[in-house]
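Asker: Sharing a structure, written as C-alpha cells. Questions coming.
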Amino acid sequence: MNRRTFLKIVGMGSISVASGCSPAPPDSPRPHKTLFSLVEAPDDMVIGEPGWYASTCRECPAGCGVLAKNREGRVIKVEGNPLHPINRGKLCMRGQAALQGVYNPDRIKTPLVKNENGWRSITYPEAVKLLQRITEKAAGAGKGRLRMATEVVGETLLKLFSESLGQWGSKGLLVFEPFAYESLKAANDIVFGVKGLPSYRMEEADVLVSFGADFLETWLSPVEYARKFKAMHALHDGGKGRLFHIGSYQSLTCANADIWLACRPGSEAAFALGLMNEALHLGRHSGLPRSLRHELENTAAPFSKEKVAQMTGISVYQFEKVAQALIRSKKPLILGTGIATGPNALQTDITVNYLNLILDPNLRLFDFESRHRVEIAGSRSEALQFFNALEDDAVDLLLLNNVNPVYAMPPGSEVRRVLEKESLFIVSFSNFMDETTQLADLILPVKLSLETWDEYGGKSGLVSTLQPAMGRLTAAPYIGDLFLRAAFDKRSRSDHYKSYLVSGLISKKRIKDEAGWVQTLQRGGIFDKTESKAKKGKKKTWKVRIGQRKNLRMHPSDPVTSGMILLAVPSIRLFDGRGANRPWLCEVPDPLSRVAWQTPVLAHPETLKTKGLQQGDVVRIKSAAGQVEAPVYETRGVTP
C-alpha cells in the first residue's frame with residue numbers, strides 16, 4: 001500500500017465517523033451526503049495514474065513548451081516539455097504559476113453586461129448572440145467602425161482575427177504588448193534591414209557583453225537564453241566564456257556576470273561607442289565597406305577612453321579590460337539594451353549592432369531565420385495612434401483580447417479617457433477584472449491556454465500546439481469559435497476553431513492528415529525543421545543594407561549626473577505586472593533582494609542618507625506620468 005492509498009482510506013474512515021456522529025434530531029431527515037466515484041472515465045484516463053498533455057506556455061510571448069500533469073480530469077502541475085526546442089524541459093516560475101490562473105477564485109465565470117446598477121450576469125448563449133448583434137450593427141454602419149487590440153497570438157489565430165475584421169469591413173488590428181522592444185527592432189532595421197528580432201547563438205560565444213539585456217529574467221526568451229548562457233559559461237578545454245554586464249542596476253543576469261561595470265543611467269551608448277572606437281583603431285574592420293568604415297570612424301572618434309570614463313563613471317582600467325577581451329575574442333557577441341531603457345537606448349542598440357558587425361562581419365552568432373514572435377507587436381507610437389483614432393474616427397465597437405492598456409500605458413496617453421467614450425461599445429475577452437476590463441460594456445470570458453485548442457510558435461518556423469489539458473471548469477468558449485460564429489456564422493468552411501486550425505496546418509503542409517495531427521499533439525508541436533537546421537549547422541550570413549545609416553551620427557545625450565532617476569524595470573516574478581494575481585509569484589522571494597509579496601523601491605545607501613530615509617520607509621514617487629507609493633529597500637545593487 002502506498003502513501004496515497006493509505007491517506008484515502010484514512011480520509012474515508014474519518015468522513016464515515018463524522019457522518020455517524022451527526023447531531024441531527026432523530027425525527028429530522030439525515031443530511032444528504034453521497035460519495036461519488038468516476039464510473040465512466042475518458043479513454044485516456046487511468047484512475048490513480050496521472051496523464052500528461054503537451055501544450056504551450058502563454059504567460060509571456062516566449063512560448064515555451066509545457067507538459068500538464070492531469071489527475072482525474074484536473075491539471076495539478078505544469079513542467080517543461082523536454083522535446084520543445086525553445087526550453088528543452090525547463091520552465092520559469094511564471095510558467096509554473098500558469099496553473100493559478102485556471103483555479104483563481106477571482107476568475108470571471110460567466111459573461112457580464114454593464115448596466116446602470118453595475119454588472120449583470122448573463123448566459124454564454126446570450127453573450128454570443130449579443131456579440132453577433134453588435135458586430136453586425138457596427139459592420140452595417142460603414143467601413144472602419146470596428147477595431148480590435150489583441151495580445152501576441154499565433155499565426156492561425158491572428159489570421160482568423162484579420163479575416164474577421166475584413167468580413168466586418170475594418171482593418172484596425174493592433175497587436176499590443178507592453179514590452180515590444182521598439183528600440184531593438186528599430187536598430188535592427190537601420191543596420192541589418194530587418195525590422196524584427198533575430199535570435200542569438202549565445203551558446204557559441206566565448207565573450208558576451210550585455211548593455212542591460214536581462215536575458216536570464218524577462219528579455220525575449222529567458223528560459224532559452226538561460227540554457228544557452230549555461231552552455232557558453234561552462235568549462236570547455238580548460239577555459240570558459242565570460243560575461244561582462246554594463247548597466248546601472250544589478251539584475252539576476254548581472255549577478256551571474258563575471259564582471260559588472262556599474263555605469264550612470266543613460267551612459268551605455270557612450271561606452272559602446274568607446275568600444276567601437278577601440279575596435280576600429282586596432283584594425284578590426286576587415287570585410288566592411290570603405291564608406292561604412294569611414295563613417296563609423298568619424299562617429300566613434302570623439303569617444304576616447306578618458307571621455308568614456310568621464311561620461312559613464314567606469315574607470316579606464318575596466319574599460320580596457322572589456323575592450324581587450326572583445327578584441328582577442330574569436331566569437332564575441334554583444335547584446336543591446338534591456339526593457340528598462342532611457343533616451344539613449346536607440347543609439348546604444350545601433351552602436352551595438354555595428355560593433356557586432358565590426359567584430360564579426362559574417363554575424364555568425366545571429367540567427368535571422370529564427371526570429372522571436374514578439375516582433376509582431378506594435379510599437380508604442382502605433383499603440384498611441386490606435387487609441388487616438390478611437391476618439392478621432394467614427395468607431396462604434398472595440399474588441400479587446402487579453403490586453404490591459406489602461407494599466408500598461410502611461411496616464412499621459414489618456415487611454416482611459418478614450419475608452420470611457422460613451423458612444424464606444426467595448427467587448428473584453430478577459431477572465432479577470434483588470435483596469436481595462438472594468439471599462440468594458442460586455443465581458444465575455446474565454447478558455448485559458450491550458451483549456452484551449454491553438455498553436456503558438458514563439459519563434460518563426462516553429463509550430464507549438466495547445467490542447468485542452470483538463471476537464472471543463474466553466475462554460476467559456478474558445479475565442480476562435482466565437483470569431484468563427486460572429487464573423488462567418490455558417491459561411492465558414494470550419495464549424496469549430498479546432499477544424500480551422502487543423503485545416504490550416506494541412507494547407508501549409510505542416511501535417512498530412514489526422515494521424516499527423518495526433519502525433520503533433522503528442523510531441524507538443526512540429527520541430528522537425530528547427531531540429532534539422534541545428535543538425536546540419538547551416539548558418540546563413542546576412543548582408544548589411546548599405547545606405548540606411550541616417551541615425552548613425554546621432555550623438556548620445558549626456559547622462560544625468562544629479563537629481564533623482566527612476567528605472568521601472570520588469571520583474572522576474574510578475575513580468576510587467578500581469579502575474580500579480582498569482583499567489584505563488586507573490587510569495588516567492590525576489591532572488592536578489594529576498595523580498596516577497598511587495599515590490600520595493602531599491603535605493604543606494606547614499607541616496608537614502610541624502611533623503612533622510614531608512615529601509616522600510618514608504619515613499620511617494622511623483623512624475624509627470626503619475627505617482628506611486630512603495631517601501632524603500634536599501635541595496636548597493638544600484639548606482640547612487
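The values are calculated or read from the model by the stated rules, or taken from the named source; none is laboratory data. Note that the structure is predicted; figures quoted are calculated from it, not measured. When we count neighbours, we look across all protein chains shown, and the Cβ atoms used for this are built from the backbone with ideal geometry, even at glycine. These accessible areas exclude ligands, DNA and RNA; they are computed on the full protein's heavy atoms, side chains included. Shrake-Rupley method; radii C 1.70, N 1.55, O 1.52, S 1.80 Å.
Asker: Could you give me the residue pairs with C-beta distances under 7 Å whose first residue belongs to segment 473-485 and is β-branched (Val, Ile, Thr), whose second residue is open to solvent by 50 Å² or more (accessible area, probe 1.4 Å) wherever it lies, and which are 6+ apart or on separate chains?
Answerer: Final answer for the pair search is THR474/LYS109.
Asker: Among the residues of segment 493-520, what is the count of those that are open to solvent by less than 70 Å² (accessible area, probe 1.4 Å) and closer than 27 Å to ILE108 by Cβ?
Answerer: The qualifying residues number 3.
One line per residue, one yes/no per condition, for (1) in contact (Cβ under 8 Å) with a residue 24 or more places away in the chain; (2) open to solvent by 30 Å² or more (accessible area, probe 1.4 Å); (3) out of contact with any Phe, Trp or Tyr (no Cβ under 8 Å at 6 or more places or on another chain); (4) over 16 Å from ASP349 (Cβ atoms):
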residue: MET202; (1), (2), (3), (4): yes, no, no, yes
residue: PHE211; (1), (2), (3), (4): yes, no, no, no
residue: LEU216; (1), (2), (3), (4): yes, yes, no, yes
residue: ALA234; (1), (2), (3), (4): no, yes, yes, yes
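Asker: Same structure again: Inside segment 439-465, can you point out the residues that are aliphatic (A, V, I, L, M) and either farther than 19 Å from VAL403 by Cβ or touching a His at 6+ places or on another chain (Cβ under 8 Å) (or both)?
Answerer: Just the residues of segment 439-465 that are aliphatic (A, V, I, L, M), to begin with: 439-440, 442-444, 446, 448, 450, 462-463.
Within segment 439-465, LEU450, LEU462, VAL463 meet the criteria.
Asker: Restricting to segment 131-178, what's the tally of residues that are open to solvent by less than 40 Å² (accessible area, probe 1.4 Å), farther than 17 Å from GLY480 by Cα and either touching a Cys at 6+ places or on another chain (Cβ under 9 Å) or of a type in the set (Gly, Ala, Ser) (or both)?
Answerer: 7
Asker: Take segment 417-450 and flag every residue that is in contact with a Leu (Cβ under 7 Å, 6 or more places away or on another chain), open to solvent by 10 Å² or more (accessible area, probe 1.4 Å), under 22 Å from LEU384 (Cβ atoms) and in a helix (DSSP H, G or I).
Answerer: Residue satisfying the conditions is LEU439 alone.
Asker: While we're looking at this one, here's another question. Can you tell me how many residues within segment 557-579 are open to solvent by 50 Å² or more (accessible area, probe 1.4 Å) and under 23 Å from the mean Cα position of the chain (by Cα)?
Answerer: Filtering segment 557-579 down to residues open to solvent by 50 Å² or more (accessible area, probe 1.4 Å) leaves 557-558, 560-569, 578.
So of that shortlist, the ones also under 23 Å from the mean Cα position of the chain (by Cα) come out as 566-569, 578.
Looking only at that region, the number is 5.
Asker: Test ASP454 against the stated conditions and say whether it is touching a Phe, Trp or Tyr at 6+ places or on another chain (Cβ under 9 Å), surrounded by 19 or more Cβ atoms within 10 Å (Cβ to Cβ) and of a type in the set (D, E, K, R).
Answerer: Details: touching a Phe, Trp or Tyr at 6+ places or on another chain (Cβ under 9 Å): yes; surrounded by 19 or more Cβ atoms within 10 Å (Cβ to Cβ): yes; of a type in the set (D, E, K, R): yes.
Spelling it out, ASP454 is indeed touching a Phe, Trp or Tyr at 6+ places or on another chain (Cβ under 9 Å), surrounded by 19 or more Cβ atoms within 10 Å (Cβ to Cβ) and of a type in the set (D, E, K, R).
Asker: May I pose another question? Can you name the helices (runs of 4 or more DSSP H) wholly within segment 107-193 that have at least 1 residues being within 30 Å of TRP219 (Cβ to Cβ)?
Answerer: On the way: elements: 124-140, 155-167, 182-192.
Once the helices (runs of 4 or more DSSP H) in segment 107-193 are filtered for at least 1 residues that are within 30 Å of TRP219 (Cβ to Cβ), what remains is 155-167, 182-192.
Asker: Looking at segment 330-340, which of its residues are crowded, with 21+ Cβ neighbours inside 10 Å and over 20 Å from ARG201 (Cα atoms)?
Answerer: As a first pass, look at segment 330-340 and keep what is crowded, with 21+ Cβ neighbours inside 10 Å: 332-339.
ILE339 - this is the single residue of segment 330-340 that is crowded, with 21+ Cβ neighbours inside 10 Å and over 20 Å from ARG201 (Cα atoms).
Asker: Please go through segment 464-481 and pick out each residue that is outside any strand (DSSP E or B), among the hydrophobic types (A, V, I, L, M, F, W, C) and farther than 17 Å from LEU444 by Cβ.
Answerer: Quick first cut of segment 464-481, residues outside any strand (DSSP E or B) only: 467-481.
Now restrict to residues that are among the hydrophobic types (A, V, I, L, M, F, W, C): 469-470, 473, 475-476, 479.
Answer for segment 464-481, where residues must be outside any strand (DSSP E or B), among the hydrophobic types (A, V, I, L, M, F, W, C) and farther than 17 Å from LEU444 by Cβ: ALA469, MET470.
Asker: Hey, another quick one. So which of ALA469, ALA394, ALA408 ends up being under 18 Å from ARG107 (Cβ atoms), among the aliphatic types (A, V, I, L, M) and in contact (Cβ under 8 Å) with a residue 60 or more places away in the chain?
Answerer: Details: ALA394 fails: under 18 Å from ARG107 (Cβ atoms); ALA408 fails: under 18 Å from ARG107 (Cβ atoms).
Just one listed residue meets the conditions, ALA469.
Asker: Just checking, how many residues over segment 351-384 are of a type in the set (A, V, I, L, M) and either in a strand (DSSP E or B) or surrounded by fewer than 19 Cβ atoms within 10 Å (Cβ to Cβ) (or both)?
Answerer: Step one: of segment 351-384, the residues of a type in the set (A, V, I, L, M) are 352, 355, 357-359, 363, 365, 374, 376-377, 383-384.
Remaining after also requiring either in a strand (DSSP E or B) or surrounded by fewer than 19 Cβ atoms within 10 Å (Cβ to Cβ) (or both): 376, 384.
Number of matching residues: 2.
Asker: Could I ask something else about it? From LEU252, LEU235, LEU243, LEU208, grab the single residue that is more than 22 Å from ILE327 (Cα to Cα) and not charged (D, E, K, R). Break it down stepwise before answering.
Answerer: Numbers: LEU235 fails: more than 22 Å from ILE327 (Cα to Cα); LEU243 fails: more than 22 Å from ILE327 (Cα to Cα); LEU208 fails: more than 22 Å from ILE327 (Cα to Cα).
That would be LEU252, the only listed residue that is more than 22 Å from ILE327 (Cα to Cα) and not charged (D, E, K, R).
Asker: Restricting to segment 45-65, name every residue that is more than 22 Å from LYS459 (Cα to Cα) and either assigned to a loop (DSSP other than H, G, I, E, B) or open to solvent by 40 Å² or more (accessible area, probe 1.4 Å) (or both).
Answerer: Of the residues in segment 45-65, the ones more than 22 Å from LYS459 (Cα to Cα) are 45-52.
If the condition is that a residue be more than 22 Å from LYS459 (Cα to Cα) and either assigned to a loop (DSSP other than H, G, I, E, B) or open to solvent by 40 Å² or more (accessible area, probe 1.4 Å) (or both), then MET45, VAL46, ILE47, GLY48, GLU49, PRO50, TRP52 are the ones that fit.
Asker: Further question on the same structure: Output the residue which, of all residues in segment 475-526 that are over 25 Å from the mean Cα position of the chain (by Cα) and hydroxyl-bearing (Ser, Thr, Tyr), is farthest from GLU451 (Cα to Cα).
Answerer: If we take residues in segment 475-526 being over 25 Å from the mean Cα position of the chain (by Cα) and hydroxyl-bearing (Ser, Thr, Tyr), then SER507 is farthest from GLU451 (Cα to Cα).
Asker: Within segment 317-329, is even one residue of a type in the set (S, T, N, Q), buried (at least 16 other Cβ atoms within 10 Å of the Cβ) and assigned to a loop (DSSP other than H, G, I, E, B)? First the steps, then the outcome.
Answerer: The first filter runs over segment 317-329 and keeps only residues of a type in the set (S, T, N, Q), leaving 318, 324, 329.
Remaining after also requiring buried (at least 16 other Cβ atoms within 10 Å of the Cβ): 318, 329.
Remaining after also requiring assigned to a loop (DSSP other than H, G, I, E, B): 329.
Within segment 317-329 (the criterion being of a type in the set (S, T, N, Q), buried (at least 16 other Cβ atoms within 10 Å of the Cβ) and assigned to a loop (DSSP other than H, G, I, E, B)), the answer is yes, since at least one residue qualifies.
Asker: Something else about it: So, in segment 66-82, of the ones that are modelled with pLDDT of 95 or more and part of a loop (DSSP other than H, G, I, E, B), which residue ends up nearest to TRP584 (Cα to Cα)?
Answerer: Out of the qualifying residues, it is ASN81.
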